[in-house]
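Q: Questions regarding the structure given below will be posed in turn.
The values are calculated or read from the model by the stated rules, or taken from the named source; none is laboratory data. The structure presented is a predicted model; accordingly, all values stated were derived computationally and were not measured. Every residue, glycine as well, gets a Cβ built from its backbone with ideal geometry; the counts of neighbours run over all protein chains shown.
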Amino acid sequence: MARLPQTAKIQSKPKLDKGVRQQIAEYLLAGYAPDQIVQTLIGQGFGQSIARSEVNKAATSPYLNAGKRYVERAKKRSWFLDVQAKLWRTQPHSKEILSLEADQLTPQAFFANYYATNTPLLIKNMVSHWPAMQRWSLDYFEEKLGDAKIEVQFDRDTNARYEIDSVSHKKVMHFREYIALLRKGEETNNYYLTANNGNTNAKALAPLWDDIIQLDDYLQPDKTPGYLWIGPKGTLTPFHHDLTNNFLLQISGRKQVVLAPGFEVDRMRNSQHCFSDWSVDIEGAANAEAGRRPGMVDCILEPGDVLFLPVGWWHYVKGLDMTFGMSFTNFVVDNDFYSNYSTYHAV
């Protein structure tokens, strides 16, 4: 049996409140022995008789026993996911993301071999022919749309939960003001124009869509037109998973993308909605306890490349340079995996 987390002994007399009772229930549902929990409570300052009485009361509660069935069901699903993880690690593509040149791939092969099988794919030079590849620059943006009012994510350095709390980090400014920040050339994660700003920027930056060529065999042109990503060197998007399949396109600069399969959900320390508590420090992740480290693969996304990010796959993205990019979810096949999703809260 695993050891219970160490807790500091409370100096004043502890109170047997709702929080303590919830803690007892969580420990029991996690499979800890009643004696272990009693000792933990004693360590927190509770008397032995009170601790044992409260633990026994919880252990024999019909409410808690009903919950144990759901815990067992969750454990069965975790076992199955672990089987998938173990099998995946026997495959060559568990060591690196599969990569193909765009001219080696057909839409039929993409949807059959990657989309339908939930397999990431790096497609080299898929958008190298786009006019945006030659046109997009800070000078071009300023001349064409400098007066446009845009929305960006701002003051991200002030909040470790900047993605979870993204709504509170939205800021409206003129595009030329944002361009001035980018011209500084600093390495920072403090500001970033992202998909979270897409609704506001779709109209303001619509002329930029004249510089792209629709991927009609893959994407529906009459659906969501896509999202812009424009940021300095050093932007960080922490580990999370999306509720749709995605095409992540790179126009300028490079990004490092680290991925973990969706079935690594337990090891990814998913605590709220689609977000992970796994460290964004890749070196720290590499040194984690071996048995609990998620299987991961990574790639460098270069100008002209498209990365297929399958629904449910965890990903971490770091801007290695100042970057201009786009993302699309409007595939020509069904991409609705969010209508029956409900776990937006803590898990």
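Q: Determine the pairs where a residue that is within 24 Å of A180 (Cβ to Cβ) and touching a residue at least 40 places away in the same chain (Cβ under 8 Å), located within segment 127-139, has a partner that is outside any loop (DSSP other than H, G, I, E, B) and aromatic (F, W, Y) with Cβ atoms under 6 Å apart, the partner being 6 or more residues away or on another chain.
A: These pairs meet every condition: W136/F324.
Q: Something else now. Pairs needed: first member in segment 167-184, in the same structural domain as Q153 (by TED's automatic domain parsing) and assigned to a helix (DSSP H, G or I); second member anywhere, surrounded by fewer than 19 Cβ atoms within 10 Å (Cβ to Cβ) and among the charged types (D, E, K, R); C-beta distance under 8 Å; at least 6 residues apart or different chains.
A: H169/D155; F175/E142; F175/D147; F175/K149; R176/E142; R176/D147; I179/E142
Q: To continue, here is another question. Which ones in segment 51-79 are over 23 Å from L41 (Cα atoms) and among the basic types (K, R)?
A: Passing the criteria: R69, R73, K75, K76, R77.
Q: Shifting gears a bit: Sort out which residues of segment 140-160 are surrounded by 13 or more Cβ atoms within 10 Å (Cβ to Cβ) and without any contact (Cβ under 8 Å) to a residue 12 or more places away in the chain, and write them in order of number.
A: Selection gives Y140, N159.
Q: Quick check on my filter: what residues within segment 1-24 are surrounded by 10 or more Cβ atoms within 10 Å (Cβ to Cβ), at pLDDT 60 or above and part of a loop (DSSP other than H, G, I, E, B)?
A: Correct list: L4, P14, K15, L16.
Condition check ((1) at pLDDT 90 or above; (2) over 25 Å from the mean Cα position of the chain (by Cα); (3) among the β-branched types (V, I, T)) across all residues:
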| residue | (1), (2), (3) |
| --- | --- |
| R73 | yes, yes, no |
| R77 | yes, no, no |
| F80 | yes, no, no |
| V83 | yes, no, yes |
| K86 | yes, no, no |
| H93 | no, no, no |
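Q: For N56, work out the one condition from (1) part of a loop (DSSP other than H, G, I, E, B); (2) under 30 Å from K15 (Cα atoms) it doesn't fulfil.
A: Every condition holds for N56 apart from (1).
Q: Is it the case that segment 212-221 has a residue that's of a type in the set (A, V, I, L, M, F, W, C), out of contact with any strand residue (DSSP E or B) (no Cβ under 9 Å at 6 or more places or on another chain) and in the same structural domain as F110 (by TED's automatic domain parsing)?
A: Within segment 212-221, one or more residues are of a type in the set (A, V, I, L, M, F, W, C), out of contact with any strand residue (DSSP E or B) (no Cβ under 9 Å at 6 or more places or on another chain) and in the same structural domain as F110 (by TED's automatic domain parsing).
Q: I would also like to ask the following. Suppose the filter is over 23 Å from the mean Cα position of the chain (by Cα) and modelled with pLDDT of 95 or more; does D222 pass it?
A: No.
Q: What single numbered condition from (1) over 23 Å from M133 (Cα atoms); (2) not in a strand (DSSP E or B) fails to hold for F239?
A: The single condition F239 does not satisfy is (2).
Q: While we're on this one: Can you tell me which of M173, M126 is within 28 Å of A102 (Cα to Cα) and out of contact with any Cys (no Cβ under 7 Å at 6 or more places or on another chain)?
A: M126
Q: Of the residues that make up segment 111-128, is at least one basic (K, R) and surrounded by 14 or more Cβ atoms within 10 Å (Cβ to Cβ)?
A: Yes - at least one qualifying residue is present in segment 111-128.
Q: In the set V265, V257, which member is surrounded by 21 or more Cβ atoms within 10 Å (Cβ to Cβ), in the same structural domain as W136 (by TED's automatic domain parsing) and in contact with a His (Cβ under 9 Å, 6 or more places away or on another chain)?
A: Within the list V265, V257, the selection yields V257.
Q: With the structure loaded, tell me whether G45 is outside any helix (DSSP H, G or I), in contact (Cβ under 8 Å) with a residue 24 or more places away in the chain and not assigned by TED's automatic domain parsing to the domain that holds L248 or whether it fails that test.
A: So G45 fits the description; yes.
Q: Next question, about the same structure. Out of (1) at pLDDT 95 or above; (2) in contact with a Pro (Cβ under 7 Å, 6 or more places away or on another chain), the odd one out for V280 is which?
A: (1)
Q: Among the residues of segment 303-347, count how many are among the small types (G, A, S) and surrounded by 16 or more Cβ atoms within 10 Å (Cβ to Cβ).
A: Number satisfying all stated conditions: 5.
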